1. Based only on other Cβ atoms within 10 Å, what is the fewest-to-most ordering of I3, I133?
2. Given the rule -39500 (n - 2.57) for each run of at least 4 DSSP H residues, summed and divided by the residues of the chain, what is its mean residue ellipticity at 222 nm, to the nearest 500 deg cm²/dmol?
3. Work out the count of Lys pairs in the chain where the Cα-Cα distance is under 20 Å, with the pair 8 or more places apart or on different chains.
4. In percent, what relative contact order does region 17-172 have, based on Cα pairs under 8 Å that are 6 or more apart in sequence?
5. Would you mind getting me the FRET efficiency between E33 and D149? Use the beta-carbon distance for r and R0 = 35 Å, nearest 0.05.
6. Over the alpha-carbon set of region 65-171, work out the extent along each principal axis and list the three values in angstrom, largest first.
7. Where the convex hull is taken over the Cα atoms of the chain, what is its projected area averaged over directions, in nm²?
8. Can you bin every Cα-Cα distance in region 1-98 into 10 Å intervals starting at zero and give me the percent of pairs per bin, rounded to whole numbers?
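Derivation of every value follows stated rules applied to the coordinates shown; laboratory data play no part. Since this is a predicted model, take the numbers as computed values, not measurements. When we count neighbours, we look across all protein chains shown, and the Cβ atoms used for this are built from the backbone with ideal geometry, even at glycine.
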Amino acid sequence: MTIDAAGLDLLFREARSQNKWKDEPVSDETLHELYDLLKFGPTSANSSPARFVFIRTKEGKERLAPALSSGNMAKTMSAPVTAIVAYDPKFFEKLPKLFPHNLDAASWFTSNDSLAATTAFRNGTLQGAYLMIAARSLGLDVGGMSGFDNAKVDAEFFAYSGWRSNFLVNIGHGDPEGVFGRSPRLDFDEACLLA
């Protein structure tokens, strides 16, 4: 089974990062549907370390605002939803549920802090990418961002959970006026080797 040309256009070729948003809400039901789709993307040992905060209220945005860079302020405050893509450094505590065919899997990480940190960040980042593709597949637009103070976000949103922020993704229905033209990409021979 493959995705047709229209699907590839939707996910990749015609998709653009959004900077302006239409005043159209994204329902909580849609956010549940989004998560229920992205959660099936593969991660190491099914570790699923990503954690998501879907900020969709004025009060939530006001809590986030002090951490944003000036260049990301307007587009984030006007987006219907801003997702904090985070990861749980103690993701391995969930492995008995997520990787039940090896009940000793958590020990791989409890005995190796470096492996745990790398696994959490790498796989949490993958899940953030799955979120963006899943959102596009549901007819939503996205705008992924760095450009914020991770320490401020973590102190405001994760002081009690210990989660750590990775990046932000604005989600909604984009206003075409806020889309830049497609920037160049590297050709295969510039970015790839065949071995």
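1. Numbers: I3 12, I133 17.
By the 10 Å Cβ count, ascending: I3, I133.
2. Values: 9 runs with 77 residues, N = 195.
Taken over the chain, the calculation gives -11000 deg cm²/dmol.
3. 14
4. Values: 244 pairs, mean separation 56.5, N = 156.
Result for region 17-172 is 36 percent.
5. Numbers: r = 31 Å, r/R0 = 0.88.
Here the calculated transfer efficiency is 0.70.
6. Projected onto the principal axes, the Cα atoms of region 65-171 cover 47, 32, 20 Å.
7. Details: hull surface 55.9 nm².
So the Cα hull casts an average projection of 14.0 nm².
8. 12, 32, 35, 19, 1
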